[in-house]
Amino acid sequence: MSPTTGGRLHLEVPAVFLSVLSAADPTEEPTSPTLQDAQESATNAASWVEQNWSTWLSIGLRILLIVIIAVVLRVAVRRTITKFIDRMNRTAQAVDGTALGGLLVNVERRRQRSQAIGSVLRSVASFLIVGTAALMILGTFQINLAPLLASAGVAGVAIGFGARNLVTDFLSGVFMILEDQYGVGDTVDAGVASGEVIEVGLRVTKLRGDNGEIWYVRNGEVKRIGNLSQGWATAGVDVTVRSDEDLDRVRSVLAEVGEAMSKDEPWNERLWGPIEVLGLDSVILDSMVVRVSAKTMPGKALSVERELRWRIKQAFDRADISIVGGLPAPPDEAAADPTAGMAAPSAYSNTGSAQSQAASPLAPPAVVPSSGAK
């Protein structure tokens with residue numbers, strides 16, 4: 001094989017192969033190979049190898065260089081991504097336990113999210129580096145890559161049109177993870193379904209509803225997300241009392257209930273702020289509504305509200321403060337006379353009454369026979 005202009009390589013067929021082909025001619029009589037023929041064939045093969053070894057060595061070194069560069073670049077990129085993920089974890093640990101950490105997600109959730117981001121970035125980087133190296137190696141063998149790239153482009157466009165929903169779900173899942181919209185353990189309202197997140201994928205998110213059902217929600221179908229587990233929640237209780245109650249006394253009792261509850265376990269951990277008496281919320285006829293509110297741990301507002309109502313009711317009973325609400329009970333009435341709804345007997349039912357006789361039709365006069373009749 002000898003180099004020519006234009007970078008193309010042409011193969012030269014050694015004489016040993018020509019001698020073999022000529023020996024296979026059926027028209028000639030078979031002859032036994034001699035020592036001189038063997039020496040000539042070996043000389044031709046050696047010369048062919050001597051002429052093309054430099055080309056083989058050049059191709060091999062080029063492939064080796066491409067592989068080494070690809071491996072080194074892949075390792076460097078993966079280590080850079082790993083260091084970036086570790087820095088994110090250290091930042092999450094630094095803010096945990098502080099006032100700012102209470103408004104953020106916990107360390108474990110941040111760690112899971114960062115690991116997911118790192119896995120996606122490492123996979124994308126490896127795919128790009130290995131794919132580029134493979135194309136460069138194919139180009140080293142003087143293989144025309146234009147048909148291959150054109151076919152790949154057409155196939156990509158066809159797959160993109162046919163699986164556009166799949167691509168939309170995948171991209172939505174990637175941005176959801178990068179933006180930390182929700183994670184495992186969060187309670188979310190996704191519009192199409194609501195519940196606790198039990199699994200987050202790049203295409204589908206699994207939610208467990210209030211009744212135990214599992215919802216499979218495609219990430220591309222989610223138009224809005226209401227995360228009820230990030231930051232903090234608010235527990236609010238409306239207390240309705242009579243309009244003649246002393247508001248200062250009601251406020252004092254509610255403040256004592258809130259202070260006692262803030263010191264008891266486990267409510268001291270679930271409450272992220274003092275229980276505040278916001279004041280008089282509304283006045284309705286003979287009742288007043290006093291609003292009580294507290295900032296709680298995400299997802300614990302309902303349990304705090306129930307416990308707060310329980311304690312307020314007990315405290316009001318001890319302080320002789322009545323809690324009113326609902327419709328008033330109807331007053332007790334005596335048993336009604338069963339005959340009160342019956343109509344009085346009619347005078348027309350008595351045939352001897354004057355009304356009955358006046359209403360009766362008159363009897364026709366009697367016919368008296370004449371005296372001349374015989």
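The values are calculated or read from the model by the stated rules, or taken from the named source; none is laboratory data. Everything quoted here is computed from the prediction, not taken from an experiment. Neighbour counts run over all protein chains shown; Cβ positions are idealised from the backbone, glycine included. Note: accessible area is taken over every heavy atom of the protein model, side chains too, but ligands, DNA and RNA are not part of it. Shrake-Rupley method; radii C 1.70, N 1.55, O 1.52, S 1.80 Å.
A few notes on this one:
- Residues that are more than 37 Å from the chain's Cα centre (by Cα) and without any contact (Cβ under 8 Å) to a residue 24 or more places away in the chain within region 142-161 comprise ILE143, ASN144, LEU145, ALA146, PRO147, LEU148, ALA150, listed in sequence order.
- Any chance GLU221 is open to solvent by 50 Å² or more (accessible area, probe 1.4 Å), in contact with a Ser or Thr (Cβ under 6 Å, 6 or more places away or on another chain) and not basic (Lys, Arg): no
- Here is the figure for region 246-273: residues that are surrounded by fewer than 14 Cβ atoms within 10 Å (Cβ to Cβ) and touching a helix residue (DSSP H, G or I) at 6+ places or on another chain (Cβ under 8 Å) total 3.
- Residue match in region 224-245 (condition: part of a helix (DSSP H, G or I), surrounded by fewer than 16 Cβ atoms within 10 Å (Cβ to Cβ) and more than 28 Å from the chain's Cα centre (by Cα)): no
- Taking first residues from region 62-80 that are over 20 Å from VAL120 (Cα atoms) and partners that are in a helix (DSSP H, G or I) and open to solvent by 60 Å² or more (accessible area, probe 1.4 Å), the Cβ contacts under 9 Å between residues at least 6 apart in sequence or on separate chains come to ARG62/MET136; ILE63/MET136; ILE66/MET136.
- Exclusive hit being closer than 30 Å to LEU280 by Cβ and modelled with pLDDT of 85 or more, set VAL188, VAL239, VAL197, VAL204: VAL239
- Taking the criterion of being open to solvent by 60 Å² or more (accessible area, probe 1.4 Å) and touching a residue at least 40 places away in the same chain (Cβ under 8 Å), the residues of region 172-194 that qualify are LEU178, GLN181, VAL184.
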